[in-house]
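Novice: Next up is a structure, given as structure tokens.
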Amino acid sequence: VSSPSSILTTVSPDASSSSSSSSSSSSAASYQTVDSSELDMYNNDWMNKYHGKSQLVLKPKTTDEVSRIMKHCYERNLAVVPQGGNTGLVGGGVPVFDEVVVNLGGLNRIRSFDEISGTLVCDAGCILEALDNHIAEKGYMMPLDLGAKGSCHIGGNVATNAGGLRFLRYGSLHGNVLGLEVVLPDGTVLEGLSTLRKDNTGFDLKQLFIGSEGTIGLITGVSIVTPRRPSAMNVAVFALDSYEDVQKTFSQVKKHCGEILSAFEFFDQQSFEVVQGHATAGVRDPFEARHPFYVLIETSGSNKDHDDEKLQVLLEDLLESGLISDGVLAQDETQLQSLWALRESIPEAAGKMGKVFKYDLSMPVDKMYDLVLDMRKRIDEQGALGADKAVEAVCGYGHIGDGNLHINIVAKDYDAATEAIIEPYIYEWTSKVKGSISAEHGLGLMKAQKIGYSKDATSIEYMKRIKDLFDPKKILNPYKYIQV
Ligand code: FAD
Ligand code: MLT
Ligand code: ZN
């Protein structure tokens, strides 16, 4: 890893050595760079937890430019951090020291859309929401949706194998991505933008890049299959008394509405209160009283009467069985959005309240909430939980339909003492129940040394060999991902 001055003098030998925001027409000089006054937004992450000191941010506009940048950096052993919308939650998209940041935001062209198959081919720097809006006009939608949709890139989504709010219905990007164009660390372009649904010719190399968090290549193009946009949608939020009831409700919802169910999310009272206290305007409490648990269910289909009827039967069943104590059903699009906001605003509201230690775990659903309760007890026992203490709130929420729990521990500071109360306890706990310490956010810098809690030594050894194969000089996203 080079010092800032050596990067600045070596990365663009045929360009001016200063970081100007202009782009000129001559070969290497055409890479757009970022003015030094704007470096902060590329050096700091969304949570303001991870801070780099890069002096050089490059914003290529084409795959060829990315390839030439990588060739240049490879020859000179310059470390590079691929960056998308910088909404990642594990410190993977910002430099650790002075690595060159290659931000893919300039690659934002939609290359093609096939209205019969629903196959979209686009540049990696396209923003998720922009893609969703584009294909909405043609009756389709993106198979994934996240609270960060207005900023995250499809390339960043693929690089992190993002899950999100539609995973339950449409599944993983490992299934939806049909092809990738990737620039390898030495500048070679791997041309894999296939649009085929079925292709059993050899190893499926694209799968290696899905979830590789920028450690073995820069994704520059994505081919992805998109589902039809449902014409009928319903959203309901139910209030429940116990986590036991949350699980039973999930079972009943699947029984009555399994084939039209598109989301089943849960959040606890603490999460709800954080949203009520800190979310941006417009997120109001639709209930008369507070409840220990809430679930949000969404159904999507093509026949409103059919879906309404099914939901009605479900509601009657849930009320009769006493599983839910209250509930609201959206009557129009505005209400639908405001019910979703109760769930989607949790990360933003927690971030406004304090510094958030975020954990993203998967484990058997029946174990999930025991961990939240244990964490609260543990922090309290150490005298650290309370309004005027180091930790103000322990929130449990997540994609229960996918067995994915988020624990947000809202603290006054990102201090080592607080972290030491939480870790490694939380990872050990998860490992004991054979869970994963990263269900969807990835490893990044935060968990670069923690993979052993979820993977065995042989798997880790083969992962390291894969990294060596693609990036023998280890210039791509150093210090992240697998550093055990
Ligand atoms: P970045 O943050 O820029 O980068 C993330 C990682 O990918 C880094 O390691 C980076 O090096 C690498 N990378 C980025 N682009 C490329 C590329 N083109 N080629 C190679 N490597 C690349 N995540 C979920 O899974 N589910 C959620 O529900 C969810 N909700 C979120 C809600 C909020 C409010 C926020 C802030 C984040 C949320 N996230 C969620 C996390 C985050 O949005 C996702 O991880 C997202 O996929 C990251 O995309 P990005 O473009 O911002 O990538
Ligand atoms: C979510 O489900 O809201 C996201 O994964 C983001 C988060 O937990 O912070
Ligand atoms: Zn999530």
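Every read-out reported here was derived from the displayed coordinates using simple, explicitly stated rules and does not represent laboratory data. Since this is a predicted model, take the numbers as computed values, not measurements. All Cβ positions, even for glycine, are placed from backbone atoms using ideal geometry, and neighbour counts span all protein chains on display.
Novice: Mind listing the phi-derived Karplus ³J(HN,Hα) values for segment 203-214, rounded to whole Hz, using 6.51, -1.76 and 1.60 with θ = phi - 60°, and x for any glycine or proline?
Specialist: 4, 8, 4, 4, 4, 5, 7, 6, x, 8, 6, x
Novice: What's the local net charge at Gly322, with K and R +1, D and E -1, over the other residues with C-beta under 11 Å away? It would help to have the intermediate numbers written out before the result.
Specialist: Working: positive: Lys248; negative: Asp241, Asp245, Asp317, Glu320.
Net local charge, Gly322 excluded: -3.
Novice: Further, regarding this structure: In 5 Å bins starting at zero, report the fraction of Cα pairs in segment 332-452 per bin as a rounded %.
Specialist: Histogram of Cα-Cα distances, whole percents per bin: 2, 10, 21, 22, 21, 14, 6, 3, 2, 0.
Novice: In whole Å, what are the Cα extents of segment 196-310 along the three principal axes, biggest one first?
Specialist: Reported extents, whole Å, longest axis first: 57, 37, 30.
Novice: Could you work out how far helix 63-75 tilts from the main Cα principal axis of the chain, as a 0 to 90 degree angle to the nearest 10?
Specialist: So the inclination is approximately 60 degrees.
Novice: While we're looking at this one, here's another question. Quick one: divide the alpha-carbon radius of gyration of segment 180-237 by 2.2 N^0.38 Å and tell me what you get.
Specialist: Taking the Cα Rg and dividing by 2.2 N^0.38 Å, one obtains 1.55.
Novice: Could you name the lysines whose alpha carbon sits less than 21 Å from that of Lys310, not counting residues in the same chain fewer than 8 places away?
Specialist: Lys248, Lys254, Lys255
Novice: Further question: Of all the C-alpha pairs in segment 110-225, what % are more than 26 Å from each other?
Specialist: Every Cα pair in segment 110-225 considered, those over 26 Å come to 11 percent.
Novice: How large is Rg/Rh for the chain, to two decimals, with Cα atoms and a Kirkwood Rh?
Specialist: 0.98
Novice: Still on this structure, please answer the following. If you project the alpha carbons of segment 382-484 onto their three principal axes, what span does each projection cover, largest first, in Å?
Specialist: 50, 31, 20
Novice: Aspartates and glutamates near Lys304 by alpha-carbon distance under 19 Å, same-chain residues fewer than 8 away left out - which ones?
Specialist: Within the straight-line limit of under 19 Å, Lys304 reaches these aspartates and glutamates: Glu259, Glu316, Asp332, Glu333.
Novice: Taking 2.2 N^0.38 Å as the expected size of a compact globular protein, what ratio does the Cα radius of gyration of segment 259-345 give against it, to two decimals?
Specialist: 1.13
Novice: Same structure again: For segment 224-269 and segment 438-472, what is the separation of their Cα centres, given in Å?
Specialist: 33 Å
Novice: Hull surface divided by four, with the convex hull built on the Cα atoms of segment 65-118: how many nm²? Intermediate values should be presented prior to the final figure.
Specialist: Details: hull surface 22.2 nm².
Average of the hull's projected areas for segment 65-118 equals 5.6 nm².
Novice: Could you give log10 I(q)/I(0) at q = 0.13, 0.20, 0.27 Å⁻¹ for segment 344-395, computed by the Debye formula over C-alpha point scatterers of equal weight, without solvent?
Specialist: Those come out to -0.36, -0.82, -1.14, one per q.
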